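The block underneath contains the structure these notes are about, expressed in structure tokens.
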Amino acid sequence: AQKVTQAQTEISVVEKEDVTLDCVYETRDTTYYLFWYKQPPSGELVFLIRRNSFDEQNEISGRYSWNFQKSTSSFNFTITASQVVDSAVYFCAPIQGAQKLVFGQGTRLTINP
Amino acid sequence: DTGVSQNPRHKITKRGQNVTFRCDPISEHNRLYWYRQTLGQGPEFLTYFQNEAQLEKSRLLSDRFSAERPKGSFSTLEIQRTEQGDSAMYLCASSIPGLLNTEAFFGQGTRLTVV
């Protein structure tokens, strides 16, 4: 069975702190894709990153970075120097079957000024 | 605006009524998806189309739900005889199929409240 777990339900930090959101994806598939999406209060899901299971290189984009480790089935997302605008619900989602995203429960991140 | 557009943004209906939502995908995207999101949960897949063909339906999509994409452009999702449990955000997304799994772009959703 395939399972995506975002164990952190809510995280609250003060602005400028670094914060890491965890995601664990358990699957027997050897080839898969994982996505991170952000859902701000407006409700629209915003694509952040796509990673395939063959690529374990860390990726950095501005204040965002992603660490994918196939051996531990983890695909963690770090925001450096967090800002109030980063407040949102963040979803980790693998692709299953014919292109459907399977979302985790999400982590609600609150950045306090 | 060339993003995914959903209408209406909000819908309040009485139990037992039928409702229909519309999604206009990004113009060159031939894959279209419907998801449902209840409060505090991640979105759940309902169905998806490639052009006008409905290729997959979730078990969540009971016989009261029907989705169409008649000309391979916009799509509609109809719920008949609504129940309070249908209250949720209905999200539409579109993507371009390719050799790699391309990202889906989401609309702002239609929030349905059944009273």
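Okay, residues lined up against (1) open to solvent by less than 60 Å² (accessible area, probe 1.4 Å); (2) of a type in the set (Asp, Glu); (3) modelled with pLDDT of 90 or more:
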site: B:ARG81; (1), (2), (3): no, no, yes
site: B:TYR90; (1), (2), (3): yes, no, yes
site: B:GLU103; (1), (2), (3): yes, yes, no
site: B:GLY109; (1), (2), (3): yes, no, yes
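Count, please, the residues in region A:74-86 that happen to be open to solvent by 30 Å² or more (accessible area, probe 1.4 Å) and among the polar types (S, T, N, Q).
Residues meeting the conditions: 4.
Counting just the residues of region A:28-58 that are of a type in the set (S, T, N, Q) and in a strand (DSSP E or B), which one comes out modelled with the lowest pLDDT?
In this case the residue turns out to be A:ASN52.
Restricting to region B:5-36, name every residue that is within 19 Å of A:LEU45 (Cβ to Cβ) and open to solvent by 20 Å² or more (accessible area, probe 1.4 Å).
B:SER5, B:ASN7, B:PRO8, B:ARG9, B:HIS10, B:ARG22, B:ASP24, B:PRO25, B:ILE26, B:ARG31, B:ARG36
With respect to A:LYS16, determine if the residue is at positive phi and either charged (D, E, K, R) or assigned to a strand (DSSP E or B) (or both).
yes
May I ask you to list the residues in region A:4-38 that are open to solvent by less than 20 Å² (accessible area, probe 1.4 Å) and within 29 Å of B:CYS92 (Cα to Cα)?
A:GLN6, A:LEU21, A:CYS23, A:TYR25, A:TYR32, A:LEU34, A:PHE35, A:TRP36, A:TYR37
Which number in (1) open to solvent by 30 Å² or more (accessible area, probe 1.4 Å); (2) facing chain B (nearest Cβ under 10 Å); (3) in contact with a Ser or Thr (Cβ under 8 Å, 6 or more places away or on another chain) marks the one condition that A:VAL89 misses?
Unmet condition: (1).
As an exercise: evaluate A:PRO94 against (1) free of Cβ contacts under 8 Å to residues at least 60 places away in the same chain; (2) under 13 Å from the mean Cα position of the chain (by Cα) and give the number of the one condition it does not meet.
(1)
Could you pull out every one of the strands (runs of 3 or more DSSP E) wholly within chain B that has 1 or more residues that are within 11 Å of chain A (Cβ to nearest Cβ) and of a type in the set (Val, Ile, Thr)?
So the answer is B:44-50, B:110-114.
Residue by residue through region A:103-113, note down the ones that are surrounded by 20 or more Cβ atoms within 10 Å (Cβ to Cβ) and either touching a helix residue (DSSP H, G or I) at 6+ places or on another chain (Cβ under 6 Å) or farther than 19 Å from A:ASN67 by Cα (or both).
Passing the criteria: only A:ILE111.
Only one of (1) open to solvent by 40 Å² or more (accessible area, probe 1.4 Å); (2) under 25 Å from B:THR102 (Cα atoms) is not met by B:THR47, so which one is it?
(1)
The values are calculated or read from the model by the stated rules, or taken from the named source; none is laboratory data. This one's a predicted model, so the numbers in the text were calculated from it and none came from an experiment. Note that we place each Cβ from the backbone using ideal geometry, even for glycine, and neighbour counts take in every protein chain shown. Just so you know, the surface numbers come from the protein's heavy atoms only, side chains and all, with ligands and any DNA or RNA stripped out. Shrake-Rupley method; radii C 1.70, N 1.55, O 1.52, S 1.80 Å.
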